[in-house]
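Novice: If you scroll down you'll find the structure; I have some questions about it.
The values are calculated or read from the model by the stated rules, or taken from the named source; none is laboratory data. In this text the structure is predicted, and so the values were computed from the model without any measurement. When we count neighbours, we look across all protein chains shown, and the Cβ atoms used for this are built from the backbone with ideal geometry, even at glycine. For accessibility, only protein heavy atoms count, side chains too; no ligands or nucleic acids. Shrake-Rupley method; radii C 1.70, N 1.55, O 1.52, S 1.80 Å.
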Amino acid sequence: MDLKPGSRWKSAVCTAEAVVVRPPNAGVTLECGGQAMLGAADVRAEGLAAAEGFDGGAAVGKRYADETSGLEVLCSKSGGGAFSADGRLLTIKEAKKLPASD
């Protein structure tokens, strides 16, 4: 799986889609719902469902990060599966707080 910045991926189990913002430091498999994600042009197989523990959902516009590998993705389409990398759930990256202007 070649996770380059700007590459688009879609879930094999739900409607979620993601764009890679920051590639991982080493090779990892980007997953959604516990299944490896597909390239944007690939056809989704019928009948797959999110695995238990990987069904938390993905929210559009949120950035998800994996501290272990450095991978960061932007959710471009919401879905029922949760993003993960090599079985580790990605966490929502919080926005940086701006300094006070007073």
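Novice: What percentage of the solvent-accessible surface of the chain, computed with a 1.4 Å probe over protein heavy atoms, is contributed by carbon and sulfur atoms?
Specialist: 51
Novice: Rolling a 1.4 Å sphere over the protein heavy atoms, what is the accessible area per residue of the chain, to the nearest Å²?
Specialist: Per-residue accessible area for the chain comes out at 59 Å².
Novice: Rounded, prolate or oblate: which fits segment 42-95 when a ≥ b ≥ c are the square roots of the eigenvalues of the alpha-carbon gyration tensor, with rounded for a/c under 1.5 and prolate only if a/b beats b/c?
Specialist: Note, shape of segment 42-95 comes out prolate.
Novice: A further question on this structure: Any idea which of Gly6, Gly33, Ala50 is furthest toward the positive side of the dipole for the chain, if Lys and Arg beta-carbons carry +1 and Asp and Glu beta-carbons -1?
Specialist: Gly6
Novice: To continue, here is another question. For the chain, the longest stretch holding no trypsin sites (Lys or Arg not before Pro) located in a DSSP loop with at most 11 other Cβ atoms within 10 Å is which?
Specialist: 1-95
Novice: Another question about this same structure. In nm, to one decimal, how far is the modelled label at Asp102 from the one at Ala26, with both set 7 Å along Cα→Cβ?
Specialist: Taking the simple label geometry, Asp102 and Ala26 are separated by 4.8 nm.
Novice: Can you tell me which of Ala65, Ala26, Ala82 moves the most in a GNM of the chain? Springs connect C-alpha atoms under 10 Å apart.
Specialist: Ala26
Novice: Starting from 0.36 nm per residue, how many nanometres of slack lie between Glu94 and Ala49 once their C-alpha separation is accounted for?
Specialist: Separation in residues times 0.36 nm, less the Cα-Cα distance, equals 13.4 nm.
Novice: Wrap a convex hull around the Cα atoms of the chain, take a quarter of its surface area, and give that in square nanometres.
Specialist: Over all viewing directions, the chain projects a mean Cα-hull area of 7.1 nm².
Novice: A further question follows. Which of these, Ser76, Ser11, Ser84, has the largest mean-square fluctuation under a Gaussian network model of the chain (Cα springs below 10 Å)?
Specialist: Looking only at Ser76, Ser11, Ser84, the largest GNM fluctuation is found for Ser76.
Novice: Filter the GluC sites (Glu not before Pro) in segment 1-73 to those in DSSP coil with at most 14 other Cβ atoms within 10 Å of their Cβ, and list the result.
Specialist: Passing sites in segment 1-73 are Glu46, Glu52, Glu67.
Novice: So how much accessible area does Asp42 have, in Å² to the nearest 10, using a 1.4 Å probe?
Specialist: Looks like 70 Å² after rounding.
Novice: For the chain, with only Lys/Arg (+1) and Asp/Glu (-1) charged at the beta-carbon, what is the dipole magnitude about the Cα centre, in debye rounded to 20?
Specialist: So the dipole magnitude of the chain works out to roughly 360 debye.
Novice: When only C-alpha pairs under 8 Å and at least 6 residues apart count, what is the relative contact order of the chain, in percent?
Specialist: 31
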